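Engineer: So that we are looking at the same thing, I have put the structure below in structure tokens.
All of the numbers you see were taken from the coordinates with simple rules; none came from a lab. Bear in mind that the values here come from a model prediction, so they are computed numbers and not experimental data. Glycine gets a Cβ as well: all are built from the backbone with ideal geometry, and neighbour counts include every protein chain shown.
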Amino acid sequence: MLKSGGLVALPTETVYGLFADALNEDAVRQVFAVKNRSLDHSLNLNISSIEDIYKYSQNQPSYLDRIVEKFMPGPLTIILEANDKVPSYINEGKKTVGFRMPANPFTLNVIKKVGVLVGPSANITGQSSPTKAKQVLRDFDKKINAVKEDDSGISGVDSTIVDFSGEKPIILRQGAVMLESIEELL
């Protein structure tokens, strides 16, 4: 379904995500439409390896490998300077792009098989992020192609978002990965 441009809700360790092929503009535009999400609200790239991060970013910090090794897969989103391989419809021409590597084994395996995906939370913009498949079905019935039901292991705690694109890392959203853990590593 994903390879043919479909939208699929998959579990992560935080919430359900609404996934689509990041390199299929029509599929990504559908994500914006069904979520009622503003086009200027960038999407992250959901990746399965550090190689994907290097493929779609530039000017990475020297400690990037340590951050990925310690916290990914897991509830951390890292912001880096985008390179020209990031389609403008992902980040609307911004200089940065986010990367997330979900820890749910099924979802991570899907990303490995399909390739880089977008996967924002599977909710209508402004509503709470879903931790149950039935919430996804309520909001998106007949608007998406499938939901992989697996409510186990979903914490409901957002991923921590850290911007590593500048001189110093900046926490944009505190979530499951604590500031002290990041500071200790750096």
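Engineer: Please report the antiparallel percentage of DSSP beta bridges with both residues in the chain, rounded to the nearest 5.
Structural biologist: Rounded to the nearest five, the antiparallel share is 70 percent.
Engineer: Taking K and R as +1 and D and E as -1, what net charge do the other residues with C-beta under 13 Å from the C-beta of residue 156 add up to?
Structural biologist: Numbers: positive: 132; negative: 13, 151, 158.
Result for the neighbourhood of residue 156: -2.
Engineer: On to the next question. Using each residue's phi in region 62-69, evaluate 6.51 cos²θ - 1.76 cosθ + 1.60 at θ = phi - 60° and report the 3J(HN,Hα) Karplus result to the nearest Hz, with x for Gly and Pro.
Structural biologist: 4, 9, 4, 4, 5, 4, 5, 4
Engineer: Still on this model: Using only the alpha-carbon atoms, how far is helix 25-35 inclined from the longest principal axis of the chain? Give it as 0 to 90 degrees, nearest 10.
Structural biologist: Computed tilt is about 70 degrees.
Engineer: Arrange the peptides 114-124, 88-98, 8-18 so that the one whose residues have, on average, the most other Cβ atoms within 10 Å appears first.
Structural biologist: Working: 114-124: 22.2, 88-98: 16.5, 8-18: 25.5.
Output ranking for 114-124, 88-98, 8-18: 8-18, 114-124, 88-98.
Engineer: Could you go through region 42-49 in sequence order and give the Karplus-derived ³J(HN,Hα) for each residue, using 6.51 cos²θ - 1.76 cosθ + 1.60 with θ = phi - 60°, rounded to whole Hz, and x for Gly and Pro?
Structural biologist: Couplings: 3, 10, 8, 9, 8, 10, 10, 7 Hz.
Engineer: Search the structure for amide H atoms under 5 Å from the amide H of residue 122, placed 1.01 Å from N in the peptide plane, and list their residues when 5 or more places away or on another chain.
Structural biologist: Result for residue 122 returns 16, 17, 18.
Engineer: Give the Cα extents of region 8-185 along the principal axes, in whole Å, largest first.
Structural biologist: Taking max minus min along each principal axis of the Cα atoms, region 8-185 gives 45, 32, 31 Å.
Engineer: Output the 0 to 90 degree angle, nearest 10, between the alpha-carbon long axis of helix 105-114 and the longest principal axis computed from the alpha carbons of the chain.
Structural biologist: With rounding to tens, the tilt is 90 degrees.
Engineer: Using a basic spin-label model with each label point 7 Å from the Cα along Cα→Cβ, how many nm lie between residue 178 and residue 158?
Structural biologist: Once both label points are built, they end up 2.0 nm from each other.
Engineer: Related question: Using modelled backbone amide H atoms (1.01 Å from N, in-plane), which distant-in-sequence or interchain residues come within less than 5 Å of residue 96's amide H?
Structural biologist: 82
Engineer: Post the alpha-carbon centroid distance, region 1-79 to region 150-179, in whole angstrom.
Structural biologist: Spelled out, the Cα-based centre of one part sits 14 Å from the other.
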